[in-house]
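Some notes on the structure that comes next.
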Amino acid sequence: MTHVFLRRIVLLSLLALWQLPVMTGAVVLSAHAAGTEEPQQPRPSTPSNELMAQLKEAEQKLNKKDFAGATKVLDQAITKEPHYFGYYLRAAAKGASGDYNGALDDVNHAIRIGGSTVPALMMRGKLYVRVKEYAKGVEDYKLVVQDDMRDPIHKNIEAVRYLGVALFCKGGDDETAGNFLSMALSNSEDAEEKLYSCYFLWCIHARHGKQQLWADTLKNVVDAEEKRLNAVETEANAALPETAKPAAGTVPSAASKSWSLKVGRFLSDELSETDLLAAAQSPEAETTANQLCEAHYYIGMKQLGKGHKDEAAVHLNKAVETKAMNMVEITLAEAELLQLKNPAEPAAPAI
């Protein structure tokens, strides 16, 4: 699975983005706590036709991963017409290219002039986690999860998942992190997101040497996904003309080729480290880097679950060394290395 920075952040219709309601949570929570009246949030203004054309051009470049090109277009657009969408998209371009501090500057500017929209808070939360400001990331995700409004593009379940990830990175309250990831696992409609929510939950248990408590659930989720893939493939083959149908056993099944399932089989002790690392290799360099990042992270967490901290650190460092900067696993590996050096204090019990 590619947990890229741009997933569900930028690749959406500009018209739909324009029509997004503004989050009230950042204001409502503090106002309610103080017993004061809720102030009015700013809203994005209507962009000019010229700006809309530039935004669409930038979006097309983002879709093609031309982040430098998108940034250049947006630099020109913002100079002429400073606007929420210009800053928002430029933050996405900078974040995807690894300029996280520049991206944070832009998304904060977007929020100041256009309000705390769900996409902006989601992006800022991911950026905060990426620069290891985990507590700030947790607070942004909490605002999205706690707000009553329902956004048509960014369903709250994504914020629930990333809130669990941010809490896991922060450490000290893995039970709450697990609760949010369990909620994501139960409610996700995306098969791969469901798988990886399950894998993250396994890792939470492994951090405490209790991965066997999650073993049955993990196997059930992985088996169900393999069954689903096989059913989809069988249905697709049945619709083919007889002359186009592959002979039995001549073509590897979709399930057998699935990288995400290989990760699950490894965590379930059905695939060796050697086989997982071999499966991570791809003709595409970026895919290889992304999959090796995942492989080394999960190998590291498996070693940690066995109590082998030194060996775990070796693989977690190898995950970081892949420089697969847009992968969730590189963020998780960096966070786990910090936890190994300086474990977070347990969260105070609720009163």
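Here are the numbers:
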{"item": "The stretch 173-203-the stretch 130-146 distance, computed between alpha-carbon centres (Å)", "result": "17 Å"}
{"item": "Gyration tensor verdict on the stretch 56-138 (Cα atoms; rounded if a/c is under 1.5, prolate if a/b is larger than b/c, oblate otherwise)", "result": "oblate"}
{"item": "Heavy-atom accessible area ranking, 1.4 Å probe, most first, across 260, 282, 45", "result": "45, 282, 260"}
{"item": "Spatially close lysines, pair count over the stretch 42-149: Cα under 20 Å, gap of eight or more or interchain", "result": "21"}
{"item": "Accessible area (Å², 1.4 Å probe, nearest 10) - residue 109", "result": "60 Å²"}
{"item": "Cα gyration tensor, the stretch 183-258 - rounded (a/c under 1.5), prolate or oblate", "result": "prolate"}
{"item": "Filtered GluC sites (Glu not before Pro), the stretch 168-254: DSSP coil and at most 16 other beta carbons within 10 Å", "result": "189"}
{"item": "Residue-normalised accessible area of the stretch 122-252, given per residue in Å² at a 1.4 Å probe", "result": "48 Å²"}
{"item": "Rel. contact order, % - alpha carbon contacts under 8 angstrom, at least six apart, the stretch 268-313", "result": "25 percent"}
{"item": "Only Lys, Arg (+1) and Asp, Glu (-1) charged, at Cβ; the stretch 234-351 dipole about Cα centre in debye", "result": "80 debye"}
{"item": "Top positive-direction residue, dipole computed over the stretch 65-131 with Cβ charges, set 84, 121, 69", "result": "121"}
{"item": "Peptide ranges 159-167, 263-271, 124-132 listed from the most packed, as the mean C-beta count within 10 angstrom indicates", "result": "159-167, 124-132, 263-271"}
{"item": "Mean-position separation - Cα centroids, the stretch 46-125 and the stretch 223-284, in angstrom", "result": "38 Å"}
{"item": "nm² value of the averaged projected area, convex hull over the Cα atoms of the stretch 272-351", "result": "6.4 nm²"}
{"item": "Prolate/oblate/rounded call for the stretch 132-236, Cα gyration tensor, a/c under 1.5 rounded", "result": "oblate"}
{"item": "The stretch 252-307, accessible surface, carbon-and-sulfur percent (1.4 angstrom probe)", "result": "53 percent"}
{"item": "Whole-angstrom Cα spans of the stretch 217-351 along principal axes, big to small", "result": "63, 42, 25"}
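The values are calculated or read from the model by the stated rules, or taken from the named source; none is laboratory data. What you are looking at is a predicted structure, and each value in this text was computed from that prediction instead of being measured. Glycine gets a Cβ as well: all are built from the backbone with ideal geometry, and neighbour counts include every protein chain shown. For accessibility, only protein heavy atoms count, side chains too; no ligands or nucleic acids. Shrake-Rupley method; radii C 1.70, N 1.55, O 1.52, S 1.80 Å.
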